[in-house]
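What follows is a single structure, written as structure tokens, with notes after it.
Bear in mind that the values in this text are calculations on the coordinates, not laboratory data. This is a predicted model, so every value here is computed, not measured. Methodologically, a virtual Cβ is constructed for each residue, glycine included, from the backbone with ideal geometry; neighbour enumeration extends over all protein chains shown.
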Amino acid sequence: MLQIEFELRAEGDELPDAFLDASELEMMFAGTRTSLGDSLRRKFAAVKCGEHGSPPKFTISGAYDRATEQMDLQYHVDTCCQAFLLRVMQILNQRV
Ligand SMILES: [Zn+2]
């Protein structure tokens, strides 16, 4: 099983007329975990380093800014070596 960690959080002060309330925000985070997790697992189901046999590890951090109501997602990839990292990045950037 591919290792994927999510660090999703909300930042900033909630607006009086916030577009998403706390439970909707949780639902959006849950949806993000599911859809990104599924898509990564699909892309990387059989991907291992040819030399070391290790799969990549992903950490996805997301900060939802309550003031701008935007979600900023960042992918962090851990691999056993630089060559495999390049391959993982190529796969990550491919459209499905
Ligand atoms: Zn390697």
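Points worth noting:
- Of all DSSP bridge pairs formed entirely within the chain, close to 50 percent run antiparallel.
- Positive-pole candidate from 74, 31, 89, dipole of the chain, charges at beta carbon: 89
- Ordering of 56-64, 82-90 by burial proxy (mean other Cβ atoms within 10 Å per residue, highest first): 56-64, 82-90
- Using alpha-carbon coordinates, inclination of helix 82-93 to the longest axis of the chain, degrees: 50 degrees
- Counting only Cβ charges, +1 for Lys and Arg and -1 for Asp and Glu, the dipole size of the range 1-48 around its Cα centre is about 760 debye.
- Our summary gives the chain a relative contact order of 36 percent, counting only alpha carbon pairs under 8 angstrom and 6 or more residues apart.
- Projecting label points 7 angstrom from Cα along Cα→Cβ for residue 70 and residue 43 puts them 2.2 nm apart.
- Positive minus negative residues near residue 23 (Lys, Arg vs Asp, Glu; Cβ under 15 Å): -3
- Label-to-label distance, nm, for residues given as residue 5 and residue 17 (7 Å Cα→Cβ offset): 4.0 nm
- Two-decimal Rg to Rh for the chain - Kirkwood Rh, Cα set: 1.08
- Taking the longest Cα principal axis of the chain as reference, the axis of helix 22-44 is set at about 10 degrees.
- Of 2, 15, 46, farthest towards positive along the dipole that unit charges on Lys, Arg, Asp, Glu beta carbons give the chain: 46
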